[in-house]
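Colleague: Can you read through this structure? Questions will come right after.
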Amino acid sequence: MNRPYNFSAGPAAMPVEVLQQAAAEMLDWQGTGMGVMEMSHRGKAFMSIIAAAEADLRELLAVPDHFRILFMQGGGLAENAIVPMNLSRGGAVDIVVTGGWSQKSYKEARKYCQPQVAASNEADQHTTLPPPAGWQLRDNAQYVHLCSNETIHGIEVHELPDLRALGSDAPLVIDFSSHVASRSVDWSRVGLAFGGAQKNLGPAGLTLVVVREDLLGHALAICPSAFDYKTVAANGSMYNTPPTYAIYMAGLTFQWLKRQHEGALSGVAAMEQRNIAKAELLYGFIDQSQLYLNKVAHNCRSRMNVPFFLRDESRNDAFLAGAQTRGLLQLKGHKSVGGMRASLYNALPLAGVQALVDYMRDFEQTQA
Ligand SMILES: *Cc1c(COP(=O)(O)O)cnc(C)c1O
């Protein structure tokens, strides 16, 4: 099926096979006579859906046994409060500020604990990654927060820091909302990872939390029971009604991911190869062009979110209108940054990036 290419930063494009399967099963899931939205979350049918989703995700991301996978609600922004409520013990927390999302994490954490900015790239207008060796990490920090992909500023951490090597025993918390399942995760360096589903996993409404077991059970007394990781884990993400349809859709996406192959690679490893090729194609074109500009330092350019500018900003509207007629959707940049942004999540194929580059080249030529 031919659809336009959708570059939305989130909620974002989903694999067409996933949408088609969901459509086919909308009225009757596997002979039960019910759609997934209409099922009790405690019934046999949905229990099998959530169990498969969790097992498939564990396999795809190679999540070790001593981590729990939680399906929650509230999105990445709610986790900015839920993480400190569960992990901070009201004490010191170190936060690396690399862009708009980690900035928000810092501000929210101040309601629950004593966060400190361990490093910031604000002086570089959020275009660089502060080298971990220079982070100001406190001995008494309960955790270190890092946004491993800054969706708005287009900065990605390509190698997670080894906090032990930096002299810290604190667990690393990563916000991987916008690049989860686009690449592998080195769990030996992570204490907790969280992300909203609506960028790379499925529809909005589902939040994924992967947390090391020893970090459960330290929630502040004020923490709502439904947001206490220990309670959520003890109840198999069913303390309260989980976002059942979003979990089902994410589960279909996990099955789709498992079917993806690139040569000998499959699943997330195959996606990572594709995502590297997609990003190289777009950045390579931008860097040689006279019209387009990406300001992010090369060592931390995001494979998922590519903000770029037209050197002649008076052409922005014409660029977006032309893109729309070529079937290239949602390229307008975030309001805080301006310009354009192309999000290249898993569901966007290389052909979509090629179509974007072809359009950008044609547009540049008409400007000459
Ligand atoms: C989208 C996003 C969020 C916010 O997610 P919500 O679901 O809107 O709360 C947080 N962090 C990052 C890195 C994101 O990309």
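The values are calculated or read from the model by the stated rules, or taken from the named source; none is laboratory data. Values in this document were obtained by computation on a predicted structure and should not be read as measured data. All Cβ positions, even for glycine, are placed from backbone atoms using ideal geometry, and neighbour counts span all protein chains on display. Ligands, DNA and RNA are excluded from the accessible area calculation, which covers all protein heavy atoms including side chains. Shrake-Rupley method; radii C 1.70, N 1.55, O 1.52, S 1.80 Å.
Colleague: Determine, yes or no, whether residue 178 is under 28 Å from residue 242 (Cα atoms) and either touching a His at 6+ places or on another chain (Cβ under 8 Å) or of a type in the set (Gly, Ala, Ser) (or both).
Modeller: yes
Colleague: Show me the helices (runs of 4 or more DSSP H) found entirely inside region 249-368 where at least 1 residues are on the phi > 0 side of the Ramachandran plot and under 22 Å from the mean Cα position of the chain (by Cα).
Modeller: Per the criteria, 267-288.
Colleague: Would you please list the contacts, defined by Cβ atoms under 7 Å and residues six or more apart or on different chains, that run from a residue in region 37-62 that is in contact (Cβ under 8 Å) with a residue 12 or more places away in the chain to a residue that is among the basic types (Lys, Arg)?
Modeller: Cβ pairs passing all conditions: 56/258; 60/258.
Colleague: Answer yes or no as to whether residue 295 is among the basic types (Lys, Arg), surrounded by fewer than 21 Cβ atoms within 10 Å (Cβ to Cβ) and without any contact (Cβ under 8 Å) to a residue 12 or more places away in the chain. First the steps, then the outcome.
Modeller: On the way: among the basic types (Lys, Arg): yes; surrounded by fewer than 21 Cβ atoms within 10 Å (Cβ to Cβ): yes; without any contact (Cβ under 8 Å) to a residue 12 or more places away in the chain: no.
Considered against the rule, which asks whether it is among the basic types (Lys, Arg), surrounded by fewer than 21 Cβ atoms within 10 Å (Cβ to Cβ) and without any contact (Cβ under 8 Å) to a residue 12 or more places away in the chain, residue 295 comes out as no.
Colleague: Hey, can you tell me all the residues within region 226-265 that are open to solvent by 10 Å² or more (accessible area, probe 1.4 Å), under 30 Å from residue 347 (Cβ atoms) and β-branched (Val, Ile, Thr)?
Modeller: If the condition is that a residue be open to solvent by 10 Å² or more (accessible area, probe 1.4 Å), under 30 Å from residue 347 (Cβ atoms) and β-branched (Val, Ile, Thr), then 241, 244 are the ones that fit.
Colleague: Restricting to region 117-154, name every residue that is in a loop (DSSP other than H, G, I, E, B), in contact with a helix residue (DSSP H, G or I) (Cβ under 7 Å, 6 or more places away or on another chain) and within 16 Å of the ligand (Cβ to nearest atom).
Modeller: 129, 151, 152, 153
Colleague: In region 319-348, how many residues are without any contact (Cβ under 8 Å) to a residue 60 or more places away in the chain and either in contact with a helix residue (DSSP H, G or I) (Cβ under 8 Å, 6 or more places away or on another chain) or crowded, with 22+ Cβ neighbours inside 10 Å (or both)?
Modeller: Residues in region 319-348 being without any contact (Cβ under 8 Å) to a residue 60 or more places away in the chain and either in contact with a helix residue (DSSP H, G or I) (Cβ under 8 Å, 6 or more places away or on another chain) or crowded, with 22+ Cβ neighbours inside 10 Å (or both): 8 in total.
Colleague: Under 6 Å between Cβ atoms, at least 6 apart or on separate chains: pull out the pairs that start in region 75-89 with a residue that is on the phi > 0 side of the Ramachandran plot and end on any residue that is within 8 Å of the ligand (Cβ to nearest atom).
Modeller: 75/196; 75/207
Colleague: Please work out if residue 169 is more than 27 Å from residue 272 (Cα to Cα), acidic (Asp, Glu), away from the ligand (no atom under 13 Å from the Cβ) and not in a loop (DSSP other than H, G, I, E, B). Outline the logic, then answer.
Modeller: Details: more than 27 Å from residue 272 (Cα to Cα): yes; acidic (Asp, Glu): yes; away from the ligand (no atom under 13 Å from the Cβ): yes; not in a loop (DSSP other than H, G, I, E, B): no.
Here the answer is no, as residue 169 does not meet what is asked.
Colleague: So, one more: Look through region 64-75, keep the residues that are within 16 Å of residue 197 (Cβ to Cβ) and more than 14 Å from the chain's Cα centre (by Cα), and return whichever of them is most open to solvent (accessible area, probe 1.4 Å). Lay out the reasoning, then the answer.
Modeller: Of all residues in region 64-75, those within 16 Å of residue 197 (Cβ to Cβ) come to 69-75.
Still in the running and more than 14 Å from the chain's Cα centre (by Cα): 69-74.
On the way: 69: 7, 70: 2, 71: 10, 72: 8, 73: 74, 74: 51 Å².
Restricting to residues being within 16 Å of residue 197 (Cβ to Cβ) and more than 14 Å from the chain's Cα centre (by Cα), the top hit is 73.
Colleague: Tally time: how many residues in region 76-106 are surrounded by fewer than 18 Cβ atoms within 10 Å (Cβ to Cβ) and touching a helix residue (DSSP H, G or I) at 6+ places or on another chain (Cβ under 8 Å)?
Modeller: Of the residues in region 76-106, 3 are surrounded by fewer than 18 Cβ atoms within 10 Å (Cβ to Cβ) and touching a helix residue (DSSP H, G or I) at 6+ places or on another chain (Cβ under 8 Å).
Colleague: Let me ask another. Out of region 191-203, which residues are out of contact with any Lys or Arg (no Cβ under 6 Å at 6 or more places or on another chain) and closer than 20 Å to residue 148 by Cα?
Modeller: Listed by number, the residues that qualify are 192, 193, 194, 195, 196, 197, 198, 199, 200, 201, 202.
Colleague: Still on this structure, please answer the following. Any residue at all in region 44-55 that is within 30 Å of residue 278 (Cβ to Cβ) and of a type outside the set (Gly, Ala, Ser)?
Modeller: Within region 44-55, one or more residues are within 30 Å of residue 278 (Cβ to Cβ) and of a type outside the set (Gly, Ala, Ser).
Let's see how each residue does on (1) closer than 23 Å to residue 258 by Cβ; (2) within 16 Å of the ligand (Cβ to nearest atom); (3) surrounded by fewer than 12 Cβ atoms within 10 Å (Cβ to Cβ):
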residue: 4; (1), (2), (3): no, no, no
residue: 8; (1), (2), (3): no, yes, no
residue: 13; (1), (2), (3): yes, yes, no
residue: 18; (1), (2), (3): yes, no, no
residue: 30; (1), (2), (3): yes, no, yes
residue: 34; (1), (2), (3): no, no, no
residue: 42; (1), (2), (3): no, no, yes
residue: 50; (1), (2), (3): yes, no, no
residue: 55; (1), (2), (3): yes, no, no
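Colleague: Right, here's the next one. Could you check how many residues of region 188-225 are of a type in the set (Ser, Thr, Tyr), open to solvent by less than 10 Å² (accessible area, probe 1.4 Å) and out of contact with any helix residue (DSSP H, G or I) (no Cβ under 8 Å at 6 or more places or on another chain)?
Modeller: Adding up the residues that qualify gives 0.
Colleague: Could you tell me how many of the residues in region 299-314 are touching a Phe, Trp or Tyr at 6+ places or on another chain (Cβ under 8 Å) and over 19 Å from residue 11 (Cβ atoms)? Walk me through it before giving the result.
Modeller: Here is the first cut: in region 299-314, the residues touching a Phe, Trp or Tyr at 6+ places or on another chain (Cβ under 8 Å) are 301, 304, 306, 308-311.
Filter once more, so that each one left must be over 19 Å from residue 11 (Cβ atoms): 301, 308-311.
Final tally of qualifying residues: 5.
Colleague: With the condition kept exactly as written, say whether any residue in region 119-126 is within 28 Å of residue 234 (Cα to Cα) and among the small types (Gly, Ala, Ser).
Modeller: no
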